1. Quick one: accessible surface of residue 104, probe radius 1.4 Å, all protein chains present, in square angstrom to the nearest 10.
2. Packing-wise, with mean Cβ within 10 Å as the measure, how do 62-71, 44-53, 31-40 rank, highest first?
3. For the pair residue 78 and residue 25, how long in nm is the line joining their label points, each one 7 Å along Cα→Cβ?
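The values are calculated or read from the model by the stated rules, or taken from the named source; none is laboratory data. All values derive from a computational prediction rather than experimental measurement. Here Cβ is always computed from backbone atoms with ideal geometry, including for glycine, and neighbour counts include all displayed protein chains. With ligands, DNA and RNA removed, areas are computed over all heavy atoms of the protein, side chains included. Shrake-Rupley method; radii C 1.70, N 1.55, O 1.52, S 1.80 Å.
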Amino acid sequence: MCWFSADRRITTRKAIEGEELVIHDFPGNHNRWLVSAQNRQKAVCLADGCKLRLNSIPEEMQRRLRVGSEAIAEFREVYQPAPTSLFERILPRPFFYDVLVFADGNRIEIPRLPLGMKVDVLSAAVVGPVMKENKGEESEPVYAGR
C-alpha cells in the first residue's frame, strides 16, 4: 500500500498487529485509506497477505460480499498488465489495486469501504510452512515468505 502514500505525498507508517484502524478520507487527495484510530494524519501501510477483521459491515455490503457484520479478509495488491492498445492508453486506469479478499474469493477495493469503518489488524503478512520432500526421509517444513 505504500505506493499510495508516496504517490500522493502522505506520510505513512507500517501496520501493527493488534491495532484498530479506521477508513479515512485524505483532504485534497479524494482518496480513502486506513489510518490509526488515534492518528488520522498518517496512512497505514499494509503488507501483502496481511489479515484484517472488518467490523460493523453495513447490511447492503454484507449481502454483496456474502459475509456477516464482521468478516476476516486478506489484504492483496492485485496487479494488471500495462495497457497495450491505444484505447487502453487513452483511458487512464491504475496498474494495481489494493483489495481485501474474503475466504470465498469475493473481494472489495479498500477505497470502497465506508468512512469510519473499523478494521482490526490480525496479523502481518503470512509466512507459512511449505513442505519440502526428501527422498527416503521424512518431509521437513521450510518457511517461505511472500
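1. Estimated to the nearest 10 Å², residue 104 gives 90 Å².
2. With the highest mean Cβ count within 10 Å placed first, the list reads 44-53, 31-40, 62-71.
3. Here the modelled spin labels are 2.5 nm apart.
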